[in-house]
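Asker: Below is a structure I'd like to ask you about.
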Amino acid sequence: MAETIKTGYLINKVPYKVFDEIISFIDKTGTIYNCMSLGSKRITSKNGRQLFYATPIEFEIFQSRFDNKLSKLKKAHALEEIDWKIETNKALILLNEIIIKSKITTKEFFTFYKNMLKIIKENKYSVDVIRLIIMWRFLELNAAQVDFEQYESNNVLNNLQLLESGKYNKIESDIPQTFKFLKNYIKIIL
């Protein structure tokens, strides 16, 4: 195993055994790495206090040479102050879920992730509107053609047109129906 240093964002943590976790992070090339983080759930863990979502982190890992083996996290260091409140944000949870399930690994994908994090952190819109923005931009990134005429509701049609034109602050009604409509399109892609 060769030691490498990568800078990126934590996108997933899965508990493993009692004190360990399997973590996933995305780096600036858009590549997603999976690593074993030994002891990160212990109270005395140095790495456990650095592994937070939406914070740029420098990961020192022992990268595995084999596809069927996990890399091991040696050390993690947060490069910015950690925002504790953002951990439970529904928009961030949706963004991370889309990133994990998607098979895209490009710089454009990493740029998409950073832009969506910026919108989440700015907190200009409601969480539900931000979730719609994330879904819409993901569909744009994948060059998906959304058939507006497929949905009969005028409010949903209006919301889709507002998303397309970038007028997010005017989205007010039928947000759950719009969310459901876009979710069906994303299921096709993922």
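Asker: Is it the case that some residue within segment 99-116 is over 30 Å from MET135 (Cβ atoms) and either open to solvent by 10 Å² or more (accessible area, probe 1.4 Å) or not in a loop (DSSP other than H, G, I, E, B) (or both)?
Answerer: Initially, segment 99-116 is screened for residues over 30 Å from MET135 (Cβ atoms), giving none.
No, segment 99-116 has no match at all.
Asker: Working carefully through the options LYS17, LYS69, LYS41, LYS13, find the one that is touching a strand residue (DSSP E or B) at 6+ places or on another chain (Cβ under 7 Å) and farther than 30 Å from TRP136 by Cα.
Answerer: Values: LYS17 fails: touching a strand residue (DSSP E or B) at 6+ places or on another chain (Cβ under 7 Å); LYS69 fails: touching a strand residue (DSSP E or B) at 6+ places or on another chain (Cβ under 7 Å); LYS13 fails: farther than 30 Å from TRP136 by Cα.
Every option except LYS41 fails the conditions.
Asker: Cβ-Cβ under 6 Å, sequence separation 6+ or interchain: first residue in segment 87-101 and in contact (Cβ under 8 Å) with a residue 60 or more places away in the chain, partner open to solvent by 10 Å² or more (accessible area, probe 1.4 Å). Which pairs?
Answerer: What qualifies is ILE100/ASN12; LYS101/LEU190.
Asker: Are there any strands (runs of 3 or more DSSP E) wholly within segment 1-97 with 2 or more residues that are open to solvent by less than 20 Å² (accessible area, probe 1.4 Å) and among the acidic types (Asp, Glu), and if so which? Give the derivation first.
Answerer: On the way: elements: 2-16, 20-27, 32-37, 56-63, 71-78.
Here the list is empty.
Asker: Modelled with pLDDT of 80 or more and aliphatic (A, V, I, L, M) - does that describe any residue in segment 148-157?
Answerer: The initial filter retains those residues of segment 148-157 that are modelled with pLDDT of 80 or more, namely none.
For segment 148-157, residues modelled with pLDDT of 80 or more and aliphatic (A, V, I, L, M): absent.
Asker: Exactly one condition in (1) at pLDDT below 90; (2) of a type in the set (Phe, Trp, Tyr); (3) touching a Phe, Trp or Tyr at 6+ places or on another chain (Cβ under 9 Å) is false for PHE25; which is it?
Answerer: Here PHE25 meets the rest and fails (1).
The values are calculated or read from the model by the stated rules, or taken from the named source; none is laboratory data. These numbers come from a predicted model, not from an experiment. With ideal geometry, Cβ positions are generated from the backbone for all residues, glycine too; neighbour counts draw on all protein chains shown. Protein only, heavy atoms only, side chains kept; ligands, DNA and RNA dropped before computing areas. Shrake-Rupley method; radii C 1.70, N 1.55, O 1.52, S 1.80 Å.
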